[in-house]
Structures are given as structure tokens and as C-alpha cells.
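A.B. asks: What follows is a structure written as C-alpha cells; I'll ask about it next.
The values are calculated or read from the model by the stated rules, or taken from the named source; none is laboratory data. Predicted, not measured: the structure shown is a model, and the values here were computed from it. Glycine also receives a Cβ, built like all others from the backbone with ideal geometry; neighbour counts cover every protein chain displayed. These area figures cover heavy atoms from the full protein model, side chains too; ligands, DNA and RNA do not enter into them. Shrake-Rupley method; radii C 1.70, N 1.55, O 1.52, S 1.80 Å.
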Amino acid sequence: MTKFSFPYETHALRVDQRLGTFFVVALPAELLLQVAASDRMRATMKQDGSGYTLEGTQRLIQDKRLNEIASYINRVDSAFPNSIIVAANYDIDTGFDQGELEYMSSDEEGVPLVRSDVWSITESKDGCHKLTIPSSKKLAAIIDGQHRLFSFARAEADAMDSMTLLCSVFLDLPKALQAQVFATINSTQKRVDRSLTYELFGYNVSDEAEEYWTPDKLAVFFTRKLGTDSDSPLQGRIMVAPKRDVALEKLAAEANWRVSTAVIVDGILRLFSSNPKRDANLMRKDEARPRRGLKDGPNDRSPLREVFIEGNDALIYKMVLNYLKASEDVFWKNASEESFIFRTIGVQAIFDILRKVAGQSLEAKDISVGFFTALLEGARPIDFATERFRNPSGSGRTVIRRAIEEAIGIT
């Protein structure tokens, strides 16, 4: 039950800063309460639609600040000029970015349609863009401002109905960078215990031994390294931006291509974790635990799982780096400016192939550039600029992946 009709659309302003791009919007407080959540708390509408209940740890739900802020919201002079910061397209239950979340549906006449729950931006030349929220699914993770937002669940209905909230929306921002944004904001603007970052995000953003790094923290570390390593084909090409960012697509079309941080983080992460949220919870239960403790955890068939648990990060990075060098030679070096192999769907498909062949590389005890070049060689003649690869959605990624699989003889 909801008073809002979806897809919900609103105006948005693009903000480009050194970390990356985000969008500023004004959203009804109740709408944000419906579509956003944090790892520790979420609001659920009561079945009769009469209000909201808060779900989460008892300590957080009983936090007296929620009632204090709710009382302030009920005042006739209440105001929240500071923005609530959210990361959209993030699956809070699994820890994966959901930038390609699609499903089959149909229109009113029964015609099949491919729909998506992904938050997206339609850009405009006049600078006034449009944010689209397709559904009420909770795909927005709260980076900063959870007490302000969840206090509305305890405020009077007319007070909530009368207020919109200023929001800074990051699209496709990986979890570790969410923690970085939170820590930076709260350490530069006011004193905050670093353990708060650890509690809210499952990260210790201060230095810690690599054996305590969760899968997504390691994936972000590798992504940053690939973006700065002079030996990497992705040096200078990785940026924090939405997966479907128009500016990224334009750069790709000009052969001065870039790729979103989220694309690379997800590609690497799936090599050693099928559920990074679960792994992070296991490694952060009661106290920080080394990754070798995952050996006794749930079965995970990710190809480099044992390598990650053993802490052989150098092997993982070298394999990814050499595979990307081979991809540069086979796919990127001679591709035309119109090729979709430069686009988000192309880079995702390339990482999909790595996930399939990583085990073969380990078994052969060969992670060299030559090994991966020889393996991918059969796909060299494919022209990814042709019409068959033009679908820019998740299905386009599948078409590219299957074309490569067929050409190199894997299934």
C-alpha cells in the first residue's frame, strides 16, 4: 500500500566533484522512507496503512534521538536544510550493486516488456535532469542522515505529509565508497568515533591488516589500483559515476572511454564472493575476524574463493591485471569508436568471461597474459559495433557474453 504512483519522477541537478558525480533532488519524506533503508534499520508500512514500524536492532530502535527528532518534526517551524545522502541501486540484503536489475512484465494489453527497478537519470541540455524511481523496492542505501529519515516513522502523519527532504543521490556507488563518504563527511565536519563507521557500514576505514578485509573492501582496493597502475589498461579510465551515466556513454562513443567504479568492483567481487553482505557479516560478528574464518562458513562456489580465504591477494590482482591486458589486445585495442565492447555492457561481459575461466587458469597454474590471450583469441574477429549488440540493457550484456563464449568454445 502506497500513496505514491510509480515510476516516480522528479527534477534533479547534476553535481560533479572530485570523488565523482551525484544528483541533488527533493523527495517527499514518506517516499524516501519507503524506498530507502540502512544495514541497521528500515521502515515498513503497517498493513492498514496507518503508519510505519521500524525494524532493526533494539538498541537503534530505542535510540532516544529518534523520538527527539520526531518531536521536532511535529513542530510548525521544523526544517532540515542539510541533505540526506543515499546510494541508489544497492541491494542491502546481498551487498551487490543492482545496476542491471531487470525482469519481464507486460503492458495493459498483455504485450511483453522488459522492466527495471534501477533508479536512473535522464539528462537534459539545460541542466535540469530527471530522476526516475521505478518502484517502491528498497534499493537506496542511506549513507548519512538515517536518524533524520527514520524519525519520520514516529512523527505525526500531517507533519510527514507536509515535508520534502533534500537528498544527494549517488547512483551505483560501491559499499566501501559509501563508507568512505560517510567517514569523510563526519570526520571533517564534526568529531565522530571511527567505530561508528564500522558499526553502520561494516568497515574500519582506518588502517587494518589485509587479512581482515571483507570481499568488497578488497574489490574496491583492487579497482582503485587498476585505475592508477601504470601497467593497467584501465589506468585513468575508472570513475565514480552511475553505470548508465550519459557522460560516460558519450566518452565511450568518442573512444575516450571511461567505466564506472561499480562495474569494476562488481566484476572483481564476483570472483571470490557470491554474497558479500553475508561474508561481511560473518567477518564482523561481535568483533573483526580474519577472512580465513570463512572457510567454515556457507558453501560458496566463486572461482577464486579459496585464494581469497588464503589471503593470496597478489595472485588475484595479477590474474585480473593480466586478463585485462589480454582483453586490451583482443577486444579494445583495435575496436571501432562505435563498439559496445567499450560500454558498460561490454566491460561487464568481459568480467563475466573471467569468472568462467578463472578456475581453468588456476587449474593450469597459468595466469599469464599469454594464457588469457590464447583463450580469448577466437573472439578477436567479432565486431561489437553491429546492430545485434545495440541493446544497452542487461540483455545486451548477455548477448555480448554469449557471443564471446561461442567464439572461444566455453559454455
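A.B. asks: To the nearest 20 debye, what is the magnitude of the charge dipole of the stretch 252-411 about its Cα centre, counting +1 on the Cβ of each Lys and Arg and -1 on the Cβ of each Asp and Glu?
C.D. replies: 500 debye
A.B. asks: Which lysines, on any chain, are close to LYS130 with Cα under 23 Å apart, when same-chain ones fewer than 8 places away are left out?
C.D. replies: Within the straight-line cut-off, LYS130 pairs with LYS3, LYS138, LYS243, LYS250.
A.B. asks: Using the alpha-carbon centroid of each, what span in Å lies between the stretch 361-411 and the stretch 165-184?
C.D. replies: Cα centroid to Cα centroid, the span is 33 Å.
A.B. asks: Which of the lysines could a cross-linker bridge to LYS318, judged by Cα under 24 Å and excluding same-chain residues fewer than eight apart?
C.D. replies: Excluding near neighbours in sequence, the set is LYS175, LYS217, LYS225, LYS295, LYS333, LYS356, LYS365.
A.B. asks: A further question follows. Give the distance, in whole Å, between the Cα centre of the stretch 7-46 and the Cα centre of the stretch 275-298.
C.D. replies: With the stretch 7-46 and the stretch 275-298 each reduced to a Cα centre, they are spaced 30 Å.
A.B. asks: Same structure again: Step through the residues of the stretch 304-316 one at a time and calculate ³J(HN,Hα) from phi using the Karplus curve (6.51 cos²θ - 1.76 cosθ + 1.60, θ = phi - 60°), rounding each to whole Hz and writing x for Gly and Pro.
C.D. replies: Values, residue by residue: 10, 4, 5, 5, 5, 4, 6, x, 8, 5, 4, 5, 4 Hz.
A.B. asks: Taking loop as defined by DSSP and a crowding limit of 15 other beta carbons within 10 Å, which trypsin sites (Lys or Arg not before Pro) in the stretch 1-85 fit?
C.D. replies: Here the trypsin sites (Lys or Arg not before Pro) that fit, given the DSSP loop and packing criteria, are LYS3, ARG18, LYS46, ARG75.
A.B. asks: Just the number please: accessible area per residue for the stretch 324-411, 1.4 Å probe, all protein chains included, in Å².
C.D. replies: That works out to 46 Å² per residue.
A.B. asks: Quote the charge dipole size of the stretch 365-411 about the Cα centre in Debye, to the nearest 20; the model charges only the Cβ of Lys and Arg (+1) and of Asp and Glu (-1).
C.D. replies: In debye, rounded to 20, the stretch 365-411 gives about 180.
A.B. asks: Roughly speaking, to the nearest percent, how much of the stretch 249-358's 1.4 Å accessible area is carbon and sulfur?
C.D. replies: Using a 1.4 Å probe with all protein chains present, the stretch 249-358 comes out at 43 percent carbon and sulfur.
A.B. asks: Can you sort MET239, MET319 by 1.4 Å-probe accessible area, starting with the largest?
C.D. replies: MET239, MET319
A.B. asks: Put +1 on the Cβ of each Lys and Arg and -1 on the Cβ of each Asp and Glu in the stretch 1-81; which of SER78, SER50, PHE6 then has its Cα farthest toward the positive end of the dipole?
C.D. replies: Farthest towards the positive pole: SER78.
A.B. asks: Right, something else. Where does the Debye-calculated log10 I(q)/I(0) of the stretch 257-379 sit at q = 0.15 Å⁻¹, using only Cα point scatterers of equal weight, no solvent?
C.D. replies: -0.73
A.B. asks: What do you get for GluC sites (Glu not before Pro) in the stretch 263-338 restricted to DSSP loop and a cutoff of at most 10 other Cβ within 10 Å of the site's Cβ?
C.D. replies: Hits after loop and neighbour filter: GLU287.
A.B. asks: Sticking with this structure for a sec: First compute the accessible area of the stretch 365-411 with a 1.4 Å probe, then give the percent of it belonging to carbon and sulfur atoms.
C.D. replies: In the stretch 365-411, the share of accessible area belonging to carbon and sulfur is 53 percent.
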